[in-house]
Amino acid sequence: MTSIEEVRPYGDRLNDGAIQISFSLPIPLSAQSKEAAKQVAGKLGLEHLRLIYAQDLGNSFSFYIIYGRTSGSINLSSIHIPTVDIPQMDFWQINDLLAHELKKTVTVVGATMGADAHTVGLDAILSAKGFGGESGLERYPQFKIYNLGAQVPAEEVLREIIEQKADVALISQVVTQRQSHLQNLSYLEDLLEGEELRQDLILICGGPYIDTEVALEVGFDAGFGPGTTPSQVASFVVNELLRRRRA
Ligand code: B12
């Protein structure tokens, strides 16, 4: 594969700039609304517009899918993203390291915090059935899991961390409306700092709009986004335990 410095989306042929966008408008479907939708796409800088799908959603809302082309391109060398680079280990390596080298059972408190009711992402990491063909952390003999479920207040997460003497807190934030995820995560981090517990805890967040940059911004150790598997999280935990032991 050749390495590309300057990237541009493509559809039919390389570098044609083809993009598909979809969005809703708060007006009923009509000839006028379709033209408005195309003009929205135009204002985004897209050209050669084609409205390929439009649907009335009822209650005076409508939905559109538009094809267009952008002349923009991105220079990859201008992008610098903080990432947490850690060696990936599998189920057996992780448990073996914990049992024989670290001689430790890792206690994990997990929760989806605040008003957020989404549990599937957190369960994908914690519950025995797991995700992406992998078992969840409940299946790891060296992990002890307390899954508090959804809509858990930060104060309750803190209480459980203290009560269970947790080594790791796994916090899911799926809803990001009005930046609620940032507020919830920062608030928990503040509470932990206040109790002087932050330093000894591995604090991890996750969700479809979470990445390392977001996590570091709110004082967490790592953030995991879409497609994360349980062993990726467990690998981070074990590497972090090893790093802290060496420090
Ligand atoms: C299922 C679902 C629901 C279900 C949730 C059921 C449940 N028990 O979880 C119900 C119907 C309850 C629901 C409600 C709402 N939902 Co909803 N929902 C979804 C949906 C369709 C799928 C989410 C999901 O299960 N994904 C599958 C899991 C496996 O993926 P994941 O969450 O990304 O998790 C992975 C990673 O992110 C990561 N991860 C996640 N958490 C964690 C935590 C840690 C510690 C780690 C390490 C990793 C990790 O690992 C996981 C595995 O790889 C999404 C849209 C979508 N297609 O994603 C909308 C979506 C998340 N919902 C959304 C919204 C807006 C809502 C509502 C506000 C709608 C409303 N107006 O009422 C309510 C909110 C209710 C509330 N109080 O929270 C929005 C969120 C937008 C935003 N940015 O804030 C989405 C994106 C839909 C959309 N496009 O608008 N929802």
Among the lysines, which have Cα under 24 Å from the Cα of K144 when same-chain residues fewer than 8 positions away are ignored?
K103, K104, K129, K165
Counting each DSSP H run of 4 or more residues in the chain as -39500 (n - 2.57), what helix-only mean residue ellipticity at 222 nm follows after dividing by all residues, to the nearest 500 deg cm²/dmol?
-9000 deg cm²/dmol
Where the eigenvalues come from the Cα gyration tensor of the range 43-169, what are the semi-axes √(5λ) of the equivalent ellipsoid, largest first, in whole Å?
42, 23, 15
Is the range 183-247 rounded, prolate or oblate when judged by the Cα gyration tensor, a ≥ b ≥ c being the square roots of its eigenvalues, rounded requiring a/c under 1.5 and prolate requiring a/b larger than b/c?
oblate
Which ³J(HN,Hα) values, rounded to whole Hz and listed in residue order, are derived for the range 8-20 from phi using the Karplus coefficients 6.51, -1.76 and 1.60 in 6.51 cos²θ - 1.76 cosθ + 1.60 with θ = phi - 60°, glycine and proline given as x?
9, x, 9, x, 8, 9, 3, 6, 6, x, 5, 9, 10
Please get the size of the charge dipole for the chain, origin at its Cα centre, with Cβ charges of +1 on Lys and Arg and -1 on Asp and Glu, quoted in debye to the nearest 20.
580
T70 and L216 label points (each 7 Å along its Cα→Cβ direction) are spaced in nm at 2.4
Rg from C-alpha atoms of the chain, normalised by the globular rule of thumb 2.2 N^0.38 Å, equals 1.26
Using a simple spin-label model with points 7 Å from Cα along the Cα→Cβ vector, what separation in nm is obtained for R159 and Q199?
2.8
Radius of gyration and maximum dimension Dmax of the range 6-74, Cα, Å:
13.2, 44
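FYI, it's all coordinate maths here, none of it is from the lab. These numbers come from a predicted model, not from an experiment. Don't worry about glycine lacking a Cβ; one is built from the backbone with ideal geometry, like all the others, and counts go over all protein chains shown.
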